[in-house]
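**Student:** Let me give you the structure first, and then I'll get to my questions.
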Amino acid sequence: MENSILGIPTLPAFFSIFLLIYLFAYFVVFRNWGPKHRPEASSCLISLAHGPTAAIMSMYSILHSHKAPTFASPNDTFQNTILEFSIAYFFLDLLHYLFFFPSDVLFILHHLATLYVFTTCRYVVHHGAYAILVLLFLAEITSGCQNVWTLASYRRADSPAAAKLYDFLSPRFYVLYSVFRGFLGPLFMFKLGVFYASGAAEPKIPRWAWVSWMVVILIAIGLSILWVLNLWIDWHRNRVQKKET
């Protein structure tokens, strides 16, 4: 059964909301920013609208399930709504990258892979959202801090306040990201992989589905770990250079 808000299907409703936020950011909030950072900042604003909200909704769903869920439980209505909320965001952000940054292949592939997992879970398999939402929570709980940090990085060359905020947030964001993406994420993926490999998910979640989900998510976690590791290396190098000057 299709979810709706005031009679409007939730997926197009959510997409329209994110599109309005993006257009407001692009034409109003960041209208005086340069041609490169203006669309990037607009993308950050819709990410700010999505990430913390998705994390809160996912945690609420995880903590308030009416029945004891398993990693192969059927999706409930609220879980499907969260998936549609995230599908709408990632689809719009994918269009953003295709239009403004078509050469950014890594982000485009990331969004396509994420959309594959969410859409197959929501519209094809109809099971397994509980595990997907745990992963969504672990991924998006750092989103608010990351987007403020990113916006500060765009302005730090022109604004002492932005530079100060960037320097303040950097190690704290890196720690937060390392804990959730570098430790808790792989730990949960191991637990999920053991469950899937035992055959407990089948036939509710077909093998092609859970295998492809695992591949996509493992690659995403691996890339996240490499990304934050490079950030730590750059941060340490900059500290050493500042001490030497």
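**Student:** Summarise the accessible area of the chain (1.4 Å probe, protein heavy atoms) by the percent that is carbon and sulfur.
**Tutor:** Its accessible area is 70 percent carbon and sulfur atoms.
**Student:** Could I ask something else about it? Binning at 5 angstrom from zero up to the longest distance, how are the C-alpha pair distances of the range 80-147 distributed in percent?
**Tutor:** Pair shares across the bins are 3, 16, 24, 25, 19, 9, 3, 0.
**Student:** Next up: In deg cm²/dmol and to the nearest 500, what is the mean residue ellipticity at 222 nm of the chain if only DSSP H runs of at least 4 residues count, each as -39500 (n - 2.57), divided by the residue total?
**Tutor:** That calculation yields -24500 deg cm²/dmol at 222 nm.
**Student:** Right, next: Restricting things to alpha carbons, find the Rg to Rh ratio for the range 1-137 using the Kirkwood radius for Rh.
**Tutor:** Working: Rg = 15.9 Å, Rh = 15.8 Å.
Ratio of gyration radius to Kirkwood radius: 1.01.
**Student:** Would you kindly compute the Cα radius of gyration of the chain and its largest Cα-Cα separation (Dmax), both in Å?
**Tutor:** 19.1, 64
**Student:** Quick check for me: using +1 on Lys/Arg Cβ and -1 on Asp/Glu Cβ, what's the dipole size of the range 1-124 about its Cα centre, in debye to the nearest 20?
**Tutor:** For this selection, approximately 180 debye.
**Student:** Output the peptides 84-93, 184-193 sorted from most to least packed, where packing is the average of other Cβ atoms within 10 Å over each peptide's residues.
**Tutor:** In decreasing order of mean packing, 84-93, 184-193 become 84-93, 184-193.
**Student:** Here is a follow-up. Please compute the per residue accessible area over the range 99-170 with all protein chains in place, 1.4 Å probe, rounded to a whole number of Å².
**Tutor:** 47
**Student:** Enumerate the helices in the chain for which the Kyte-Doolittle hydropathy averages 1.0 or more and the C-alpha atoms extend at least 15 Å along the helix's axis, using complete DSSP H runs.
**Tutor:** 10-24, 77-100, 105-119, 129-140, 185-197
The values are calculated or read from the model by the stated rules, or taken from the named source; none is laboratory data. Because the structure is a prediction, the values reported are computed rather than measured. Using ideal geometry, Cβ is built from the backbone for each residue, glycine included, and neighbour counts are taken over all protein chains shown. Accessible surface is based on the protein model in full, side chains and every heavy atom, while ligands, DNA and RNA are left aside. Shrake-Rupley method; radii C 1.70, N 1.55, O 1.52, S 1.80 Å.
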